[in-house]
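As structure tokens, the structure follows; a few thoughts come after it.
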Amino acid sequence: MDDADLLIRLTGPGAGHLDVLESEFGITAGVRGNTIHLRGPKDEVHGAETALLEILGLLEKGKGFSEREVERSIRALRANPEVKLSEFVSDVVLGTPRKTITAKGPTQHAYVQQMREHDIVFGIGPAGTGKTYLAMAMAVRALLEKRVKRILLTRPAVEAGEKLGFLPGDLAEKVNPYLRPLYDALHDMMDFERAQLLVQRGVIEVAPLAFMRGRTLNDAFVILDEAQNTSIEQMRMFLTRLGFGSKAVVTGDVTQVDLPSGTRSGLGDAVRVLENVEGIAVTRFTDVDVVRHPLVARIVRAYEARDAARDAVRALRDAAQGAQDGTGDAPGTSG
């Protein structure tokens, strides 16, 4: 590379971006003079080179990259070498004096596109993938552009190891902690005073799912968060609240169900029933799409590996039990 400044921006402070490249692709990378050297298996080196060239193309157009953005971009390209970073980094989801929000990866970009094109969208995947945050950004934009008259944010108040009844206060005070993450996302995008004024006027409503029963929601952008903790009946009730001129986004992680044992999650059931219904879209996120601390993605992978191993052992045990039952003598018969 002839441009020394561009080389430094591409490789990062202390060549930190190359460390990320090494970690993701399992290669060695270094700089000698004005040349970047990559060493490793042919396919991995080719993938790493493609990732560098994608990032370089955006740097040449003036795009700035933080170390976290470089890591996310490299992980996205590692998962799908055909990804074009330029397709989503320039797509502004919400631009206000307070915040500019863009998709952080191809899955997030696809999710945003689905919210633009469909009236009901399911966003399913692990924590930290931006499911609720992007839905909130789309809702705020729709309100600011007067495409909807109000935003309604809801989630089930399901106890995750703690008993709701032991919390102090009336019902509103008891459920408020469950709704706090929705308020936090809202205040991250709008001036606090303006957000509070809109809440007081009922333009933005944050409420537990139980409060949705019997309502018809017209000209609204509705977000159901933590939907894995809905029952089948609750999910059906929620989806049938949608009125004219409204959109609904349903987010959740099917691996984090806090429902009582034996209760089936309404989220998984709804996706199975509705995925092929016209006008409904489903986006599935994975650990590759996690945009929190890098350790979150590794934690997700570790738990998924543990669960997969546990499922494999259970399947083998069931198969062995089935074979044993199939060869055993029926009761009351001679061998």
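The values are calculated or read from the model by the stated rules, or taken from the named source; none is laboratory data. Every value quoted in this text rests on a predicted model; they were computed, and no experiment measured them. Every residue, glycine among them, receives a Cβ derived from its backbone with ideal geometry; neighbour counts consider all protein chains shown. These accessible areas exclude ligands, DNA and RNA; they are computed on the full protein's heavy atoms, side chains included. Shrake-Rupley method; radii C 1.70, N 1.55, O 1.52, S 1.80 Å.
Taking only protein heavy atoms and a 1.4 Å probe, the accessible area of the chain is 52% carbon and sulfur. The residues of the chain have, on average, 54 Å² of accessible surface per residue, using a 1.4 Å probe with all protein chains present.
Just the number: Rg to Rh for the stretch 1-62, Cα atoms, Kirkwood Rh, two decimals. In the stretch 1-62, Rg relative to Rh is 0.94. When only C-alpha pairs under 8 Å and at least 6 residues apart count, what is the relative contact order of the chain, in percent? Contact order relative to length: 17 percent.
Where does each of 55-63, 13-21, 220-228 land if you order them by average Cβ count within 10 Å, highest first?
Descending packing order for the listed peptides: 220-228, 13-21, 55-63.
Within the stretch 16-41, find all residues whose amide N lies under 20 Å from a label point positioned 7 Å from the Cα of Arg298 along Cα-to-beta-carbon. 16-29, by backbone N distance to the label point. Globularity index of the chain is 1.20 (Cα radius of gyration / 2.2 N^0.38 Å, N = number of residues). Amide hydrogen proximity for Ile120: with H placed 1.01 Å from N in the peptide plane, the residues at 5 or more positions away or on another chain lying under 5 Å are Ala248, Ala281. The calculated FRET efficiency for the pair Arg194 and Lys84, based on their C-beta separation and a Förster distance of 45 Å, comes to about 0.80.
The stretch between Glu49 and Arg284, if pulled fully straight at 0.36 nm per residue, gains 81.8 nm over its current Cα-Cα span.
Sorting the segments 106-117, 22-33 by their residues' average number of neighbouring beta-carbon atoms within 10 angstrom, most packed first, yields 106-117, 22-33.
Extension gain for the segment Arg98 to Ala4, taken as residue separation times 0.36 nm less the Cα-Cα distance, is 30.4 nm to one decimal.
The listed peptides 185-196, 65-76, 245-256, ordered by packing as a protection proxy, come out as 245-256, 65-76, 185-196 (highest mean of other Cβ atoms within 10 Å first). Assuming charge only on the beta carbon of Lys and Arg (+1) and of Asp and Glu (-1), the dipole of the chain about its Cα centre is about 860 debye to the nearest 20.
Check the straight Cα-Cα distances from Lys42 and name the lysines below 24 Å, setting aside those fewer than 8 residues away within the same chain. Within reach: Lys84. Dividing the Cα radius of gyration of the stretch 1-110 by 2.2 N^0.38 Å, with N the residue count, gives 1.08. Positive-end ranking of Leu179, Thr28, Thr251 along the dipole of the chain, with charges on Cβ about the Cα centre, is headed by Leu179. If you build a Gaussian network model of the chain, linking Cα atoms that sit under 10 Å apart, which residue out of Val291, Val277, Val257 swings the most? Comparing Val291, Val277, Val257 in a Gaussian network model of the chain, the most mobile one is Val277.
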